[in-house]
Every structure is written in C-alpha cells, then in structure tokens.
Amino acid sequence: MIEIKNLSKRFKSERGTFHALKNINLKIKQNELLVIQGESGSGKSTLLNIIASIMKPTSGEVLIDGENIVSFSDIHASEYRKKRVGFITQSFHLFDELTLHDNLLAPLVIRDLTREEIEEHIQKALTTANISHKATQRVKSLSGGEKQRSIIARAIVNNPDIIICDEPTANLDHKNALLFLETLKLLKADGKTIILSTHDSLFKHQEFIDRVISLEEGSIG
Amino acid sequence: MLNRLNFLLILLVTYRKKHFSIFILSTLLITLLSSLMFLSSSIKKDIYTTLENQADFTLQKYIAGRVLNTPESWIDEFLNIEGVLNVQGRVYGMHYYEPAEQYFMIVGLDFYDTQIVKEMQELVENINIDEFLEKKNMIIGSGVKKFFDKYHYFDYYSFRPPDRTIEKIYIYKKLNSATDIVSNDMIIMDIANARKILGVEDGYVSDIVLKAPSLEERETILTKLKLSHFDMRIIQKSDIKKYYENLYNYKGGIFLTLFSIVLLSFGLILFQRYSMISSVDAKEVALLRLSGWKINEVLWFKITENFIVILSAYFAGIFLAYFYVYFLNAPLLKNIFLGYANLQNSTTFSPNFTLSDLVLIFLLFVLPFLLAILIPLWKVSIQEPSEVMR
C-alpha cells in the first residue's frame, strides 16, 4: 500500500520558484495499476521520482507499507530502491557499451547472491520482458523497442513489488507500444503494483488498468 | 564481493579505450620520473662509493698558480707526521689521442706497493700483478678501450713521450665497468712507464696522496702539512667531494627541471580529470544509484576501477624505468647527467633505490590521481539520482 500525503515539490531557479507538485494526496493499493495522465510539465515525472526515492519532496510524506520513505537516509533509500522498486524510464538509461546480460548485473551484484542465483534472476527477467534472445548483444546495437524491453528486464530483475514507468511508450512505435502493454499485463498478473505516467492515448480504455488520474499543473485534476 | 569484482572487470574491459589513454600517459610519466630518480640516486651512489676510497689529502707543489711536479722526497717527511698513513706518490697526466681527438688520463702506480696492489685488485678482476709487470702493460677504462678498438689497437698502443722516442705499451685488461663513472678515460700503468710517457723526472711525482683515518687528528695534520712547505697546495677529500657535489647539483638543476615538467604534465592530466568528469562517468553513477547502489558503494567501485588502472600504470612505469636505466643504461637521459666533459661516458648504472623512493613515486602519482577522480565523482554521487540522470 502506497499512501501519499500532502506532497509538494518546488524547484527554485533564476527565473523564480516553480511548483511542480501541489499538495498531492493519493492512495495506491497493492497490485493496483495506476495510470497518471497529464501534459508535459504537469508534474508526473516529479511524482514518480519521489515515489521511486530518487528525488526528495519539499514537503509531505510518501508511506510505503506505513514507512515514510521521504525521511529515509541515503542508505535506506538505496536499500528501498534496490529491493522494492523497479524504474522504467522513457529515455533508455542503460550501459550502452555493455551487453544486455551485463546491464542486468548492476542491480544484482550489490546483493548477497550466488552466481547461480544471479543467473536465475537474469534469465527470469529476460523471459518476462521477452528479450532473452538479445542477452549477449550490446545495448547500443539494439532497436528502440528492444531497448525498452531491456529497461523492463533491468527494472524487474530484482523482483521488486513496485514498478514505476515514466512515459514508457514515449519513444516507441505503435507495435512496440502494444508489446509493452502485454508485458504490463504480465507484471500485473505477477502481483506487482504499477504506477505509470503517460500522455499516450493508447492507455485509455485498457481493461487491465485499474485507475486513471490526471495531473494538471502539479495538482490531481 | 566476487560478483562486484566480476562486474568491475566487465566495465574495465568494456570501457578499455577510456582507461587506455590514461594508462599510457601515466605509464610514460611514471617511467620518466622513475628513470630520473633511479639515475640520480645511482650516480650519487657510484660517486660516493668511489670517493670513499680516495685519499684524505692530496698534495701538490704549487708555485705562482701553476702545478709543478712534486719532489718524491716529501713522502718521507709526511710519513713522520703522526696519524698519517699510506703516503703515496702518484704520477699522472693527460695523453692526447690524436686519431680520435680525445684526451686520456694516464695514471702511473707503484705496483710494488702492497696497498696499491690491494686497491687494484678491487678495480680489476683477476689481476695477476707478476704477470702484469712481466712486460710493459696497461689497464684501460671502457672509453679508452672503445677508441683503441675503433682504430684497431687491440694488443698494444705506442705512446710518443716528450723525448721523441716510442713507448709501446700492451693492453693487459679493461677496468671494471662499475667504475666507469671515474675511470672511463683512464689508463693505468707501472709508474716507471708513466713517468717516461708523461715526462716526469725520476725523484718527482705528479702529486702525493695520504690518508689520515682519525677525524680528531685531521685538523692537526692539516696544520702540520700547511707548515711543512709554503709552496704546496693541499686538497682535502672534502674539497673533492664538494667539487662533485657542485657538479651534480648543477645536474640536479636539470633533474629538477625535468622533474617539474613531469609533475606539471601530470597536474594537467589531473586537472582535466577533475574538471571534466565525462558524461559516461556521470551516467554510470546515475545508473548505479538508480539500481540501488549506495553513495559509498558507488565511490568504492569507481575508486577501485581507477585504482586498478593507475596501479597498473605505476608498476608498468617502474618496470620500464628499471629496464631503461639498469638494462639499457638510460640512453639519451644519461648524457644529461654525465655530460661529455672528456670521453662520452659508458657507465653502467647499478640498481640503487629504496622502498621509500618507490613509495614517493606512488604518493606523487597514485594518490593525487585518485583524489582527482574521487572528488568530482563524489560531487555527482551525492546529488539526487534524478538530477544526475537529467
């Protein structure tokens, strides 16, 4: 269960203060697939970054199973990211020169796992993301759709219970976007809590999506 | 831990091009710096080792600013001074070797003097004095041998003494290469032959050397020597030492210049590394942080990665410098230190460096390099991962 209370985020710049999030209150149930819609600059990514604990809010709380992750120290926030969160980004944030297999090592080598366990995790993630056949290829040689599936594999390799997707189909063609929807279904069926931000109309009227909310200028519409 | 090491090796191999340029540049700088240090300490050691066996006082007849041949009769006078040992007359002088337009130093020794025989046995391996004295023989330095060989004087060389006769002297042996720094241009022969070639009359020597082992008595001996002859110049061992020190301090200036250039170059590399943390590095940090790596884990990982690169460069540099100085005899660089005062010196350098020298090079290179890496990486790591990703 994720509970967001009075969450606000302000960015200060030379041009003044920008309110990215304004007093957000939200509850997300376990295994829920929540879609956050909104225009660019509406605060979607900021909200997801805060839930993923890669950004601190200006005020408010984010309670994950009753624990406020906003107050976490770097060590606890890292542990939280390592064990509980998988982040699927719109840009293909991967080690381009490494093979897909080696990319998936990064989240696993900091855990106390044997080599066999690591391989087991990697194979499972590759299969779920439907990208096993590209495991030994360098990421830079993959197509956009394959890179997106690689990001999914990296996000789920640690078997997290929360999956955060920030504009996952923004750089995909229609065919690959549909393939992504299939993967989402699989993840939901696997019991994951999924929070997805998008302004892609593809996510409208999908049965497996539990709830759609809109963000407008930092507030839930 | 093994899994992290495995991942580290994967990254090192994958981004080898990025590390290779740093490795090559650092190896070159460490090689140059180490070579300078090895050379400098080797030369100093060789000089001091040679000087250690030198006489404490050298005495010359000296009138109106000119050095004249010294009467041999003075030797007995000096022997009567308390605390004085091994008073020897030396006959030496320069010989102009016309074919090569070079000067050689002829040194005549009394091979019936047991002390001299003992010293010669240290300088020349397997010398048989009886055999040496059987005919007119000479022992030559490496530089002399090189020029003799060049003009096909393999067995003997005919000197032209001032009395216009010809003095045929056979080449008996070459002096040990380890003594080249002082004996490179030297020809050692029996004192009688040297006298004839150099035109030093019987009853005279070029100078007189003596030892005064007791430090307490040295001042008194100096005073007695000063009082003994008004027309005598006294050169103390400390004067010779100072002469060499001055000579090598001048060389030390060149050493310092080279050393500064090396450090400056390294400084520039560090500055480049410090001020321009690459986008690849920043992205790596962001990806690792996103994957749940803690700040200290990221820093240790990156430090280890760079430590492996710079440590490899350090060992490669030390190895290359060792090979360059002690196996190849430091071509080019050697000339800066030894110069061409007379014969081009073909000294072979004997290994002379301590652990502290190696530690110094390590501290000069490895630590600043790691700091130059660590500080910008730390700055990136402590930012919010979302900030770095952007």
Against the longest alpha carbon principal axis of chain B, how many degrees, from 0 to 90 and to the nearest 10, is the axis of helix B:16-52 turned?
20
State the antiparallel share, in %, of DSSP beta bridges confined to the stretch B:57-211, rounding to the nearest 5.
75
Spin-label pair B:S279/B:Q236, simplified geometry with 7 Å Cα→Cβ offset, distance in nm:
7.1
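Over 19 Å, how big is the tail of the calculated P(r) for the stretch B:75-228, in percent of all Cα pairs?
Distances greater than 19 Å cover 57 percent of the Cα pairs.
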Any idea what angle helix B:355-381 forms with the longest principal axis of chain B, computed on alpha-carbon atoms, 0 to 90 degrees, nearest 10?
20
Based only on other Cβ atoms within 10 Å, what is the fewest-to-most ordering of B:M105, B:M94?
B:M94, B:M105
PRE reach from A:I213 (point 7 Å along Cα→Cβ): which of the stretch A:5-27 fall under 15 Å by backbone N?
A:5-9, A:21-27
Prolate/oblate/rounded call for the protein assembly as shown, Cα gyration tensor, a/c under 1.5 rounded
prolate
Using the number of other C-beta atoms within 10 angstrom as an exposure proxy, rank B:Y314, B:Y244 with the fewest first.
B:Y244, B:Y314
Evaluate E = 1/(1 + (r/R0)^6) for B:Y170 and B:E122, where r is the Cβ-Cβ distance and R0 equals 22 Å; express this FRET efficiency to the nearest 0.05.
0.45
Two pseudo-spin positions, 7 Å from Cα along C-beta at B:D113 and at B:L85, lie apart in nanometres by 1.5
Figure the gain on full extension for B:Q54 and B:S41 (residue separation times 0.36 nm, minus the Cα-Cα span) and round it to one decimal in nm.
2.7 nm
Quickly work out the B:D155-to-A:N159 label distance, labels modelled 7 Å from Cα along the C-beta direction, and quote it in nm with one decimal.
9.3
Name the shape class, rounded, prolate or oblate, that the alpha-carbon gyration tensor gives for the stretch B:162-233, where a ≥ b ≥ c are the square roots of its eigenvalues, rounded holds for a/c under 1.5, and otherwise prolate holds if a/b is larger than b/c and oblate otherwise.
oblate
Looks like the stretch A:71-172, by Cα gyration tensor root eigenvalues a ≥ b ≥ c and the a/c under 1.5 rounded cutoff (else prolate when a/b is bigger than b/c, oblate otherwise), is oblate
Chain A - convex hull of alpha carbons, volume per residue in Å³
129
In degrees, nearest ten, helix B:237-275 long axis to first principal axis of chain B (Cα)
10
Between B:S312 and B:F271, what FRET efficiency comes out of the Förster formula 1/(1 + (r/R0)^6) with R0 = 30 Å and r the beta carbon distance, rounded to 0.05?
0.85
Which FRET efficiency value, to the nearest 0.05, do you get for B:V359 and B:E387 by plugging their Cβ-Cβ distance into 1/(1 + (r/R0)^6) with R0 = 41 Å?
0.55
Using the count of nearby Cβ atoms within 10 Å as a rough guide to exposure, how do B:E72, A:E39 rank from fewest to most?
A:E39, B:E72
Counting only backbone N atoms under 20 Å from a point 7 Å out along Cα-to-Cβ of A:E39, the residues of the stretch A:187-220 in range are A:197-204, A:213-220
How long is the gain from B:L222 to B:R16 if the chain were fully straight, where each residue apart is worth 0.36 nm and the alpha carbon distance is subtracted?
67.4 nm
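Just so you know, all these numbers are worked out from the coordinates, no wet-lab data involved. Bear in mind the structure is a predicted one, so any value in this text is a computation, not a measurement. Here the Cβ is made from the backbone with ideal geometry for all residues, glycine too, and neighbour counts use every protein chain on show.
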